[in-house]
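Here, each number is a calculation from the coordinates, and none is a lab measurement. Predicted model only: the values in this text are computed from it and were never measured. As a convention, Cβ positions derive from the backbone with ideal geometry for all residues, glycine included, and neighbour counts pool all protein chains shown.
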Amino acid sequence: MEKIAIIRISGLVKMRRDMEETLSRLRLRKKYVCVVVNPTSENMGMIRKIENFVAYGKINPETLEKLIEKRGQQTNKKKIDAKKAAEELIKGKDYEELNLKPFFRLHPPRKGIDSKKHFGTSSKGVLGDNKEKINDLILRML
């Protein structure tokens, strides 16, 4: 099953309350936090609502494995087997079953956020749907 990675790019200043609540429900409470979710109709509706504040796209298994290896945190402080955890997540297991926190704290991207038009389909640069380019952005943020 394909997964969608969502990275919060915008901060909290001058944000409407309903947008803030939607970001909170997706566990995107701080800037540069990433979550990986299933593309259900409910999740896609929330993503469309907040797409002016986040970057999202389809994450490939290799990037998911690197993300878990470098930035994954377990709830019980044990070492993570990133390859196994990534496979289990793709198969459909929950984060709670794997003792993983359901979000990943990232660094700001190396070489900055690209504000040019070529990164996404909109003129807002990295915000919105990045399709496969989200993998490059995640690797720059690890």
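List of remarks:
- Computed about its Cα centre, the charge dipole of the stretch 1-83 is approximately 420 debye, with only Lys, Arg, Asp and Glu carrying charge at their Cβ.
- Relative contact order for the chain, counting Cα pairs under 8 Å that sit 6 or more residues apart, in percent: 29
- Here the 3J(HN,Hα) profile of the stretch 34-45, calculated from phi with Karplus coefficients 6.51, -1.76 and 1.60 at θ = phi - 60°, is 10, 10, 10, 10, 7, x, 7, 5, 5, 5, 5, x Hz, Gly and Pro shown as x.
- Going from the residue with the fewest nearby Cβ atoms within 10 Å to the one with the most, Val126, Val33 rank Val33, Val126.
- 0 to 90° range, to nearest 10: angle between helix 82-91 axis and the chain longest Cα axis: 70
- Here the Karplus relation 6.51 cos²θ - 1.76 cosθ + 1.60, evaluated at θ = phi - 60°, turns the backbone of the stretch 12-18 into coupling constants of 8, 5, 6, 9, 5, 5, 5 Hz, with x for every Gly and Pro.
- About its Cα centre, the chain has a charge dipole of approximately 680 debye under the convention of +1 per Lys or Arg Cβ and -1 per Asp or Glu Cβ, with nothing else charged.
- GluC sites (Glu not before Pro) lying in DSSP loop within the stretch 1-105, provided at most 12 other Cβ fall within 10 Å: Glu2, Glu96, Glu97
- Positive-end extreme of charge dipole, the chain - chosen from Pro102, Ile138, Ile4 (charges on Cβ): Ile138
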